Amino acid sequence: MKNFTIKKIKKLSVVLAFFLMTSALFAQMPAAIQVIPENATVFDELTLIFDPAEACFQNGSLAGMPSVAIHSGVTLIDGSTWNYVVEFNSTGVNGQATTFEPYGDDKYSITYTPSDFYGIEAGTVVTHICGVFNNGTNWDQDGRDFDPNSPPDCLDFFIPLAYTSTDPVFAFKLNMNKAINDGIFDPLEDDVFVDIEDFGATVLADPDLDNIYEATIEEGLTLDETYNYKFRINADVFEDILREITAVGGTTTVEAWWNDEAITQLTFIVNMFYQRDLGTFDPLVDFVDIAGSMNDWGGSGAMEEIDDCLYSISYSLDAGVIYEYKFRINGDWATSEFPDGGPNRMVWGPSESRTITLIYDNYNPGTYPATLNVDMNTEITEGRFDPATDYLDVAGSMNGWGDYDVLYDRDWTAEGVYTIDMLIDTAWPALEFKFRINGDWGNSEFPSGGPNRHWTVQDTAGGVVNLYECVYNIIDVPYAPYAYDLSIGGTQLIDEEITGAYTYFDPNGDAEGASIYRWFRSPNEDGSDSTVIEGVTTQAYTLTADDHAMYVFFEVTPVAATGDPSVGNPVNTKTGLIWYAGIEEPGFEVISIYPNPVNNTLYFENIKDVTKINIYNLIGQSVINLENINSENLNINTADLNKGIYFVVVYGNDNNSKTFKVIKK
């Protein structure tokens, strides 16, 4: 098993070439200027702060003036400067003065929306504000930027703004770490290219010395054209896979591994803070290492200190393999965690890169130690859990509902009983949690909204032992049944039969009895102003003329044949808008939403009939909500959304809607 390391030697000529290329593309903020917020565009309200002490003057400083004025315009994406000029002794298009007022610390500021001030039309791509400062009456005291190539000469200020280009740009980031470890790429001797069919090859460089090679292609791309490409090493070593990329407006970023074969890393971080306070570890003279089956118990050598008393190391581990290990002080077994034959730590090789953070010796005065034991014998016997290939973890309020806290079948527990030792924050001793097979919510106990387990840990002073013991998927507390995975099958047109379906589950094993079915219709997607469809109490329903332009809802109230409580909560699901055969949702036939997958900007075209747009995540939370839309085209910034699947719902004047699935990279 290999300790993953990063080679630092790079080809200087390639790095230098990349630096020269990128330095021409990305302008820096002038020292005399500050923009708040930093990522503001020309269409945002922003504050410009001017510091005369950092400016270049050839006719006397502006320091100490009661106010200063700016003579300014903007730079467009085509590189043209001083567009939409506003003279220093006039006002902006919106009537706002050009005056910068005292800001404090001998600085001056103005708060404004540049697009309103300069009269810039929507859709115009602005890259910079260009300007010079004076005393508001004449040019005798003009403040400019320093000319770095010819000091003390002065230049006009060019203040960069955030923007999204309408021109296509490809940005490639290729991780070569596995190729290096596999011996097929030598960063000292070899070059790597992106080879685009009918376009040519571009060399990639490693500016950060992290074995991730980068290149940006801006020239010669044709909008909306799809290109086939491969990465290659030197002249003739190509990847085995064929890739494709489409040139859309803005930057399309590709982050990939050579041949799409990634190194799966598990990063261990150990907290030595409390050992330092106990006096058993001195960061100035001592080191901490890890010894385990991943390094044949020989020790890793000193782990890297990444923060005060936090030490880190990464390993490439085989997915699905159990590794045992301990941390040690100074590589000495006598000062290891849990000495004198105490338990080893255990970890399951992950299928994707992860980081786990641990506390040396599990000593933390701000926590209560707790042990959870889960009997998996029934799951093993029924074939739902294979100890050789599956793992069991716990997700709950104590670890953010999704950490990597894996339970193990240890020697001192009964056969088929899995256990974990945890440290529970004393401020949050009341826990909610579930156990999961392979970290999958679809294979968790009581899936899709079933009951959580509850447990309150106690202060262990006085000999209290926090031990939670249970059988997987069985709780000895009466719970009502519930229904999940609701759906409606059939053709959703008038005069057609549709059928409601669901999955019934009772945590106590009670069989389903006479569950209650109900149908209702509503003009609104949220079910408001709904009307019960009288006389329909079965899972099947034939749509009628009354359902035209309506949402139809199927509701089930699960009922158990035995047990108490036997009646669960009603749940429902809905159709789309119901139409007669041959009638489609009006106004949505030509809508275009792209790119998909999306990185930073989602483009909407032909939305003249759309009044509202909602974007929802997988759990139904609205993450973006736009109303009163009155435009044929629209851009939405998605840079702050997490990676994953989202649903984009567009609404028309009659509250009709259509849903699109979009993937965020």
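Out of THR538, THR562, report the one residue that is surrounded by fewer than 19 Cβ atoms within 10 Å (Cβ to Cβ), at pLDDT 95 or above and in a loop (DSSP other than H, G, I, E, B).
From the options THR538, THR562, the qualifying one is THR538.
Pull out all pairs, ordered by first then second residue, where Cβ-Cβ is under 6 Å, the residues are six or more apart or on different chains, the first lies in segment 147-172 and is closer than 19 Å to PHE43 by Cβ, and the second is among the hydroxyl-bearing types (Ser, Thr, Tyr).
LEU161/THR41; ALA162/THR41; TYR163/THR41; TYR163/THR127; THR164/THR601
Looking only at segment 164-178, count how many residues are in contact with a Leu (Cβ under 9 Å, 6 or more places away or on another chain), charged (D, E, K, R) and not in a loop (DSSP other than H, G, I, E, B).
Residues that pass the stated criteria total 1.
Just for strands (runs of 3 or more DSSP E) wholly inside segment 367-431: which have at least 3 residues that are over 15 Å from VAL347 (Cβ atoms) and not aliphatic (A, V, I, L, M)?
Details: elements: 367-375, 392-396, 405-407, 417-425.
In segment 367-431, the matching strands (runs of 3 or more DSSP E) lie at 367-375.
What number of residues within segment 106-123 satisfy the criterion of being assigned to a strand (DSSP E or B), crowded, with 18+ Cβ neighbours inside 10 Å and polar (S, T, N, Q)?
Qualifying residue count, segment 106-123: 0.
Within segment 258-275, can one find any residue that is polar (S, T, N, Q), more than 32 Å from the chain's Cα centre (by Cα), more than 30 Å from GLY220 (Cα to Cα) and not in a strand (DSSP E or B)? Lay out the reasoning, then the answer.
Taking segment 258-275 first, the residues polar (S, T, N, Q) are 259, 264-265, 267, 271, 275.
Checking the rest, the ones that are also more than 32 Å from the chain's Cα centre (by Cα) come to 275.
Remaining after also requiring more than 30 Å from GLY220 (Cα to Cα): 275.
Right, trim to not in a strand (DSSP E or B) and you get 275.
Checked against the condition, which is being polar (S, T, N, Q), more than 32 Å from the chain's Cα centre (by Cα), more than 30 Å from GLY220 (Cα to Cα) and not in a strand (DSSP E or B), segment 258-275 yields at least one hit.
Look at segment 484-520 and say how many of its residues are in a loop (DSSP other than H, G, I, E, B), within 20 Å of VAL552 (Cα to Cα) and in contact (Cβ under 8 Å) with a residue 12 or more places away in the chain.
Number of matching residues: 5.
Quick one: would you say LYS2 is more than 28 Å from the chain's Cα centre (by Cα), modelled with pLDDT under 50, surrounded by 17 or more Cβ atoms within 10 Å (Cβ to Cβ) and farther than 30 Å from ILE636 by Cα?
no
Can you work out which of the residues in segment 439-464 that are buried (at least 18 other Cβ atoms within 10 Å of the Cβ) and more than 22 Å from GLY509 (Cβ to Cβ) is nearest to the chain's Cα centre (by Cα)?
Among them, the one singled out is GLY439.
How about segment 581-625: which of its residues are hydrophobic (A, V, I, L, M, F, W, C), surrounded by fewer than 16 Cβ atoms within 10 Å (Cβ to Cβ) and modelled with pLDDT under 85?
Our first condition is that a residue be hydrophobic (A, V, I, L, M, F, W, C); within segment 581-625, this holds for 581, 583, 588, 590-591, 593, 598, 602, 604, 607, 610, 613, 615, 618-619, 623-624.
Next cut, surrounded by fewer than 16 Cβ atoms within 10 Å (Cβ to Cβ) only: 581, 583, 590, 618-619, 623.
Hits for segment 581-625 are ALA581, ILE583, VAL590, LEU618, ILE619.
Check off (1) outside any strand (DSSP E or B); (2) crowded, with 20+ Cβ neighbours inside 10 Å; (3) at pLDDT 95 or above for MET294 and give me the number that stays unchecked.
The number of the failed condition is (3).
Among the candidates ASP190, ASP195, single out the residue that is in the same structural domain as ILE212 (by TED's automatic domain parsing), closer than 22 Å to THR216 by Cα and under 30 Å from the mean Cα position of the chain (by Cα).
Result of the check over ASP190, ASP195: ASP195.
Out of all the residues in segment 100-131, which are more than 16 Å from GLU45 (Cα to Cα) and of a type in the set (Ser, Thr, Tyr)?
TYR103, TYR108, THR124
What residue, of THR389, THR381, is out of contact with any strand residue (DSSP E or B) (no Cβ under 9 Å at 6 or more places or on another chain), touching a residue at least 40 places away in the same chain (Cβ under 8 Å) and outside the structural domain of GLY299 (by TED's automatic domain parsing)?
THR389
Only one residue in THR226, THR246 is surrounded by fewer than 18 Cβ atoms within 10 Å (Cβ to Cβ), at pLDDT below 95 and in contact with an Asp or Glu (Cβ under 6 Å, 6 or more places away or on another chain). Which one?
Of THR226, THR246, the one residue that is surrounded by fewer than 18 Cβ atoms within 10 Å (Cβ to Cβ), at pLDDT below 95 and in contact with an Asp or Glu (Cβ under 6 Å, 6 or more places away or on another chain) is THR226.
When the residues of segment 484-500 are narrowed to those that are within 33 Å of the chain's Cα centre (by Cα) and among the aliphatic types (A, V, I, L, M), which ends up modelled with the lowest pLDDT?
Ranking the candidates gives LEU486 first.
Within segment 179-195, is there a residue that is at pLDDT below 90, out of contact with any His (no Cβ under 8 Å at 6 or more places or on another chain) and not in a loop (DSSP other than H, G, I, E, B)?
Within segment 179-195 (the criterion being at pLDDT below 90, out of contact with any His (no Cβ under 8 Å at 6 or more places or on another chain) and not in a loop (DSSP other than H, G, I, E, B)), the answer is yes, since at least one residue qualifies.
Among the residues in segment 113-124, are any more than 30 Å from SER631 (Cβ to Cβ) and of a type outside the set (S, T, N, Q)?
Scanning segment 113-124 turns up no residue that is more than 30 Å from SER631 (Cβ to Cβ) and of a type outside the set (S, T, N, Q).
Does SER72 count as crowded, with 19+ Cβ neighbours inside 10 Å and either modelled with pLDDT under 90 or in the same structural domain as PHE88 (by TED's automatic domain parsing) (or both)?
yes
Need the failing condition index for ASP340 against (1) modelled with pLDDT of 90 or more; (2) over 22 Å from ALA319 (Cα atoms), just the number.
Against the list (1) modelled with pLDDT of 90 or more; (2) over 22 Å from ALA319 (Cα atoms), ASP340 comes up short only on (1).
If you check ASN59, ASN83, which single one turns out to be polar (S, T, N, Q) and either at pLDDT 95 or above or more than 24 Å from PRO148 (Cβ to Cβ) (or both)? Outline the logic, then answer.
Values: ASN59 fails: either at pLDDT 95 or above or more than 24 Å from PRO148 (Cβ to Cβ) (or both).
Selected residue: ASN83, the only one of ASN59, ASN83 that is polar (S, T, N, Q) and either at pLDDT 95 or above or more than 24 Å from PRO148 (Cβ to Cβ) (or both).
The values are calculated or read from the model by the stated rules, or taken from the named source; none is laboratory data. It should be emphasised that the depicted structure is a prediction, and the values quoted were computed from it without experimental measurement. Cβ: placed from backbone, ideal geometry, glycine included. Neighbour counts: every protein chain shown.
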